[in-house]
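None of the figures in this text is laboratory data; all of them are computed from the coordinates on show. From a predicted model like this one, the values you see are computed outputs, not experimental measurements. Every residue, glycine as well, gets a Cβ built from its backbone with ideal geometry; the counts of neighbours run over all protein chains shown.
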Amino acid sequence: MGATATKMAQKSYSYITGSDSDSGSSKGTLSKHQGIAVKATAFVLTRSSSKYFDEDGQLANEFYCEVRSKSGKKRKLKKIKTGLTPQGEVPLKIARLHFDYPVVLYEAR
């Protein structure tokens with residue numbers, strides 16, 4: 001709280017570009033950062049999936065197979081843990097802000 005709009009803009013811009021806003025003069029403007037390439041973005045575009053592919057190519061969170069007991073009367077579900085490959089990174093439909101974004105967007109009272 002108490003930060004001016006210019007300081008907040010510099011802070012978010014330096015976060016996105018990866019440059020340090022404290023280097024040089026303290027009264028710098030955004031124009032001194034314009035030559036710097038963007039190293040990070042404030043938006044998250046992908047997430048790590050919690051789903052797996054099995055050997056048949058089916059996609060699910062968990063896989064089970066039905067196993068009979070030794071007597072053959074009871075049946076149980078046994079969790080399959082081998083032969084699964086993780087789905088990996090999944091693109092998000094709507095971009096989200098990174099959790100470490102240094103600007104307060106809304107203050108609840």
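Observations on the structure shown:
- Placing a pseudo-label 7 Å from each Cα along the Cα-to-Cβ vector at LYS76 and GLU107 gives an inter-label distance of 5.8 nm.
- Relative contact order, whole percent, for the stretch 57-109 stands at 23, derived from Cα pairs under 8 Å and 6 or more residues apart.
- Förster radius 25 Å - calculated FRET efficiency between GLU89 and ASP56 (Cβ-Cβ, nearest 0.05): 0.65
- Residue exposure sequence - LEU84, LEU59 - by fewest surrounding Cβ within 10 Å: LEU59, LEU84
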